[in-house]
Amino acid sequence: MLLLLYCVAAIALVWLAHRLLVPLSRAAAGFLFLLPFAFVGHALVATRVYAPIDKTYLDVILSVKRAWHGLSDQTHNPATADIFAQMIPWRHAVRESVMRGEWPLWNPSILSGDILAAAAQPAPYHPFTLLALLLPAPISFTFTAAITFLAAALGTFLFARELGLRESAAAVAAVGFTYSTSIALYVLWPLGLNWALMPFVLFATRRIVHAPSVRSWGILTTALVLLVMAGHPESVLHIVAIGILYALFELFSVRRNTMRAIGAAFAAGAVALLVCAIYLLPYLEAMPQSAEYEFRLLWHASDRVGTTAQVLVSLATDFFPFLHLHRWIDPPLSGAKAESPAVGSIVLALAIYALWRVRSRTTWFFAALAFVSLGAHAAWAPVTKVLSHLPLFELAIHERLAFAAAFALSMLAAVAVDAIVSRADFRAAAVTLTVVLIVLTVGTLWILRSFVTEPMQGTWGEYKIFAELAFLGGAALLFALRVPMRVAIPTLVALLVVQRMMSDGRVHKSFPRDAAYPELALFEPLRNVLQPFRIVGQGFAMMPGASALYGWEDVRGYEALTFLPYAETYRLWCVHQPVFFNRVDDLSKPMLSMMNVRFAFAHDSVAPPPGWRVAARQKWAVLLENLNVIERAFIPRTVVLGLEDSAALDEMANVTDFRERAWLTAPEVKPYLRANGPGRVWMRSRSRLDVEMERDGWVVVSNSAWKGWRAYVDGRRVKIQRANVAFLGIYVPAGRHEIRLVYWPESFVIGRWISFAAFLALAVAVIRRLLSSRA
């Protein structure tokens, strides 16, 4: 199924590109189809998981099965933690929602319930995600990697051909960008897909400038929709900005049909925003509610300019890829980043050839793009200060322009190959590649002898220096020996592919399918509980995210957008970590009981705190049960109304039993304490409650209170207040009542109608155009 899905999707994309965009030779089509196999081929054919699921076995709990699956106690690449902690669980949550016939709006598996589609990065409406949902979440990332590599290769190839370059030159650009260090590393992130689509956006931009028409408008609209839906809004900002600059560059060069092209481009952007409203409006509503937004506002006020040493470290990594993900020990320097514009020595040398041998507008544009992007990635003051003061850019992470630099260098390499072939310029090519080889060799030896660095990665990248130098030497030899171009250029492409495979082909590793989230006997007690409950792990036991794959709900999490009031409660029950999930060390915190934590995973060296008992053991892994757990919905004996969040948190810090008191937001009243209820509540499901109140009062439901929750008491919608700072509070009159809870944000409702209307209008316009063309 995995290989078949890729084959069908890839053939369809290549065929559509051939029929609708640029004619492709059979050799080119076959090359593009097969290119992802250089990195993902084994996983595709053998149906393996091309994702870092080995990190789940660092967990105290799943480590009991590490030996069973033959996994090492050393992770393959520590830099890929987001994939197992975020991307796979998000994909699983989206798939489960769709399989239930629901819109993917709410993710119950982390942070006492959290937004899903509105977090943007799950990208639930992107065509590639929808195709991936046909597969279980872990194995679907093998498809994601393959289709993302194909998107990068196909878009780059088409753009190069649109510039008038030969297919052989376009192939060099496709390999250079597709297997650049940043794409290779981030291929499983939404970030990677966004940047993989940038060449297609530039292709559409050029087409609409040179030939503004309904057809060109449709191509640009499609490119923008795919870009926006891909799941990383910050990258959309960068890519659209680059597209606008490129459009201005082409408009200045063409100087015809200017207003028509500008009008068509604006129309494409407007229609793309309307089509994507179902995705954008919930995100725009959720973002200001998040802790990350607050952090970016503070971060914007800080100085983000790198020191001279940091800039030089960053640039060294860009041109000497063996330094990627290395720590500088002696001298102790910082500045190295996960993003890197590194494209390999062959592409770099060819780009340098283009700079001094090919004087053209295209050369200068991509040279300027490479220069600015390299400066932004390195946090060089002249570039960073300008970008940080531009509207919308002040909160963005500009280091990610490394992707743009890699693309620019790859396009310069393609320009170089086209010039070398057309001029038969063997001598200049040989001299350029040889000089670059000498400089890189000397630089490598100097770095190795003068500095001490330590790799952060686990078990990959050991042949990078050999690949960078030996294959560049082989490429230089091709031109020095004047090998005929019909042999030299295909050989050059092959050398480039092998070089990139040796350098970054193992940045991700594939694993057996059955190694992904295995079942344990330890989990048996959790299957016998009918009422909703949540779990937690003590320390690094059962790391968050994995809960989604097992159908559990965790109070911890690692999210793109974290509900700010929820994050403010961390000091009462967990340890906030600047990067990665919020860690729970002390299971005796009363707030854990309030949040419906019934079970906790721990190492057997952890003694159960008062009120907890051992429910199951398996080797060194222990499952603890909380005997004092508070049900998901409960009626506190008293409530305090009107306190500000900070004051409520201070009082909550001294509570030993949250059944006694709850705090309700009521900004319009002065703070006061009142009796509540009493009453009883039964949960028929996660969304339906039966309540019996002796007197009017409040029911607290420990779901995080993102905007968008709707409560219905006996079918009548009622207002929701925040309870205990971050959760749901519902006022219920005396008597027996049924409460229904639904997460259904108004922003989603409005966005859905706008998107449906826009899509319907487009469909009608396309059908009418097809009918009129046949008449």
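The values are calculated or read from the model by the stated rules, or taken from the named source; none is laboratory data. Keep in mind the model is a prediction, meaning the values are calculated, not measured. Because the Cβ atoms are built from the backbone with ideal geometry, glycine has one as well, and the counts that use them run over all protein chains shown. The area values use the complete protein model at the heavy-atom level, side chains included, leaving out ligands, DNA and RNA. Shrake-Rupley method; radii C 1.70, N 1.55, O 1.52, S 1.80 Å.
Give me the compactness ratio for the range 156-229, meaning the Cα radius of gyration over 2.2 N^0.38 Å.
Values: Rg = 13.0 Å, N = 74, 2.2 N^0.38 = 11.3 Å.
Compared with the compact-globule rule of thumb, the range 156-229 sits at 1.16.
How big is the range 64-114 by Rg and Dmax over its Cα atoms, in Å?
14.8, 40
Taking the Cα of ARG717, stepping 7 Å toward and past its beta carbon, and measuring to each backbone N in the range 734-748: which are under 19 Å?
738-748
Along the charge dipole of the chain, Cβ charges K/R +1 and D/E -1, which of PRO331, TRP106, PHE157 sits furthest on the positive end?
PHE157
Using only the alpha carbons of the range 344-438, what is the convex hull's orientation-averaged projected area in square nanometres? Working shown, then result.
Details: hull surface 26.5 nm².
With every direction weighted equally, the projected area is 6.6 nm².
How much mean residue ellipticity at 222 nm does the chain get from its helices, if each DSSP H run of length 4 or more adds -39500 (n - 2.57) and you divide by all residues, to the nearest 500 deg cm²/dmol?
On the way: 28 runs with 382 residues, N = 775.
It comes out at -16000 deg cm²/dmol, rounded to the nearest 500.
For the range 63-182, restrict the atom set to alpha-carbon positions and state the Rg and Dmax in Å.
In Å, with Rg to one decimal and Dmax whole: 18.3, 58.
Round to the nearest 10 and give me the degree value, 0 to 90, for the angle of helix 277-286's Cα axis relative to the longest principal axis of the chain.
Tilt of helix 277-286: around 60 degrees.
What is the distance, in nm, between label points placed 7 Å from the Cα along the Cα-to-Cβ direction at ASP696 and at GLU738?
2.4
Expressed as a whole percent, how much of the Cα-Cα distance distribution for the range 415-480 exceeds 14 Å? Show your work: numbers first, answer last.
On the way: 1435 of 2145 pairs.
Pairs farther apart than 14 Å: 67 percent.
Taking the square root of 5 times each eigenvalue of the Cα gyration tensor, what semi-axes in Å does the equivalent ellipsoid of the range 564-608 have, largest first?
20, 14, 8
With point charges of +1 on the Cβ of Lys and Arg and -1 on the Cβ of Asp and Glu, referenced to the Cα centre of the range 4-117, which listed residue (HIS92, VAL60, LEU20) lies farthest in the positive direction of the dipole?
Projecting each Cα onto the dipole axis, the largest value belongs to LEU20.
Debye sum, Cα scatterers, the range 191-245, no solvent: what log₁₀ I/I(0) at q = 0.26, 0.29 1/Å?
The Debye formula, applied to the Cα set alone, gives -0.96, -1.12.
Between ILE244 and THR222, what length comes free when the chain is fully extended (0.36 nm per residue of separation minus the Cα-Cα distance, one decimal in nm)?
Details: separation 22, 0.36 × 22 = 7.92 nm, distance 1.64 nm.
Fully extending the segment from ILE244 to THR222 adds 6.3 nm.
Let's see if you can work this out: charge +1 on each Lys and Arg Cβ, -1 on each Asp and Glu Cβ, no other charges. What is the dipole magnitude of the chain about its Cα centre, in debye to the nearest 20?
Working: 69 positive and 52 negative charges, 481 e Å.
It works out to roughly 2320 debye.
Compute the whole-percent fraction of alpha carbon pairs in the range 332-386 spaced more than 15 Å apart. Provide the component values of the computation, followed by the final result.
On the way: 880 of 1485 pairs.
Across the range 332-386, Cα pairs with separations above 15 Å total 59 percent.
With Kirkwood's inverse mean 1/r over C-alpha pairs for Rh, give me the Rg to Rh ratio of the range 271-366, two decimals please. Each step should come with its number before you reach the end.
Numbers: Rg = 20.1 Å, Rh = 17.7 Å.
Rg/Rh for the range 271-366 comes to 1.14.
Tell me, in nm to one decimal, what length is gained between LEU16 and ASP657 on full extension, where the rule is 0.36 nm per residue of separation less the Cα-Cα distance?
On the way: separation 641, 0.36 × 641 = 230.76 nm, distance 6.25 nm.
Additional length available on full extension: 224.5 nm.
So, in Å, what gap is there between the alpha-carbon centers of the range 204-228 and the range 495-510?
33
For an R0 of 22 angstrom, estimate the FRET efficiency from the Cβ-Cβ distance between ARG255 and ARG361 and round to the nearest 0.05. Each step should come with its number before you reach the end.
Values: r = 13 Å, r/R0 = 0.57.
Once rounded, the FRET efficiency stands at 0.95.
Using only alpha-carbon positions, what ratio does the radius of gyration of the range 168-210 give when scaled by 2.2 N^0.38 Å?
Working: Rg = 11.8 Å, N = 43, 2.2 N^0.38 = 9.2 Å.
Normalised Cα radius of gyration, the range 168-210: 1.29.
Within 11 Å, Cβ to Cβ, of LYS337, how many net charges do the neighbouring residues add up to if Lys/Arg are +1 and Asp/Glu are -1? Let's see the in-between values first.
Numbers: positive: ARG400; negative: ASP318, GLU339, GLU399.
In short, -2.
Can you tell me the relative contact order of the chain? Whole percent, Cα pairs under 8 Å, sequence separation 6 or more.
On the way: 1443 pairs, mean separation 116.4, N = 775.
Rounded, it is 15 percent for the chain.
Under the √(5λ) rule applied to the eigenvalues of the Cα gyration tensor, what semi-axes describe the equivalent ellipsoid of the chain? Give them in Å, descending.
Calculated on Cα positions only, the semi-axes equal 50, 30, 24 Å.
Identify the residues of the range 710-747 with backbone N under 14 Å of a label point that sits 7 angstrom from the Cα of ARG680 along the Cα-to-Cβ direction, or state none.
735-737
Take the alpha-carbon centre of the range 385-447, take the same for the range 94-158, and report the distance between them in whole Å.
First find each Cα centre; the distance between them is then 33 Å.
Alpha carbon centre of the range 725-742 versus the range 229-246: separation in Å?
43
Got a number for carbon plus sulfur as a percent of the range 1-92's accessible area, 1.4 Å probe?
Values: 2460 of 3750 Å².
The computed percentage sits at 66.
Enter the per residue convex hull volume of the range 216-278, computed from alpha-carbon coordinates, in Å³ rounded to the nearest integer. Intermediate values should be presented prior to the final figure.
Working: hull volume 4.3 nm³, N = 63.
Roughly 68 Å³ of hull volume per residue.
Need the full-extension length gain, PHE540 to LEU445, defined as separation in residues times 0.36 nm minus the C-alpha distance. One decimal, nm.
Values: separation 95, 0.36 × 95 = 34.20 nm, distance 4.06 nm.
Once the chain is fully extended between PHE540 and LEU445, it gains 30.1 nm.
Cα to Cα, under 26 Å, and not fewer than 8 places away if on the same chain: which lysines meet these conditions relative to LYS719?
Once the sequence-local lysines are set aside, what remains near LYS719 is LYS670, LYS707.
At q = 0.09, 0.18 Å⁻¹, what is the log10 ratio I(q)/I(0) for the range 645-775, with the Debye formula run over Cα points and no solvent?
-0.40, -1.04
Using a 1.4 Å probe, what is the accessible area per residue for the chain, in Å²? Write out the running numbers ahead of the final one.
Numbers: 30960 Å² over 775 residues.
On a per-residue basis, the chain sits at 40 Å².
Residue farthest toward the positive end of the dipole of the range 575-672, with Cβ of Lys/Arg at +1 and Asp/Glu at -1: which of PRO609, LEU624, HIS576?
Among PRO609, LEU624, HIS576, the one farthest towards the positive end of the dipole of the range 575-672 is LEU624.
Scan the chain and hand back the longest stretch that contains none of the GluC sites (Glu not before Pro) lying in DSSP loops with at most 13 other Cβ atoms within 10 Å. Provide the component values of the computation, followed by the final result.
Values: sites that count: GLU102, GLU462, GLU519, GLU644, GLU660, GLU668, GLU694.
The reported range is 103-461.
Over every pair of different alpha-carbon atoms in the range 106-254, take the mean of 1/r and invert it; report that Kirkwood radius in Å. If you can, show how the numbers build up before the last one.
Details: mean 1/r = 0.0616 Å⁻¹.
Taking every pair of different Cα atoms in the range 106-254, averaging 1/r and inverting gives 16.2 Å.
Calculate, in whole percent, how much of the Cα-Cα pair population of the range 701-775 lies beyond 14 Å.
Details: 1961 of 2775 pairs.
Above the 14 Å cut-off, the range 701-775 has 71 percent of its Cα pairs.
Enter the angle in degrees (range 0 to 90, nearest 10) between the Cα long axis of helix 402-423 and the first principal axis of the Cα atoms of the chain, meaning the one along which they spread out most.
For helix 402-423, the angle is close to 20 degrees.
Separation between the ALA480 and MET456 pseudo-spin-labels, each 7 Å from Cα along Cα→Cβ, expressed in nm?
So the label points at ALA480 and MET456 sit 3.7 nm apart.
What does the net charge come to around VAL629 if you take all other residues with beta carbon closer than 12 Å to its beta carbon, with K and R at +1 and D and E at -1?
On the way: positive: ARG534, ARG598, ARG613, ARG632, ARG659; negative: GLU625, GLU631, ASP657.
That works out to +2.
Translational diffusion coefficient of the range 550-667 at 10 °C, 1.306 mPa s, Stokes-Einstein with Kirkwood Rh over Cα pairs, in µm²/s as a whole number.
Using the Kirkwood radius from Cα pairs, D works out to 101 µm²/s.
What distance in nm lies between label points placed 7 Å from Cα along the C-beta direction at LYS619 and ALA46?
Each label point lies 7 Å from its Cα, and together they span 2.2 nm.
Taking 37 °C and 0.692 mPa s as the conditions, I'd like the Stokes-Einstein D for the range 384-493 in µm²/s, using the Kirkwood hydrodynamic radius from alpha carbon pairs. Before the final figure, lay out each step's value.
Numbers: Rh = 17.1 Å.
Roughly 192 µm²/s, to the nearest whole number.
Two-decimal Rg/Rh of the range 1-42 from alpha-carbon positions, Kirkwood Rh? Working shown, then result.
Details: Rg = 10.8 Å, Rh = 10.8 Å.
Taking Rg over the Kirkwood Rh, I get 1.00.
Would you kindly calculate the mean projected area, averaged across all directions, of the convex hull enclosing the Cα atoms of the range 606-700, in square nanometres? Before the final figure, lay out each step's value.
Working: hull surface 34.2 nm².
With the hull built on Cα positions only, its mean projection is 8.5 nm².
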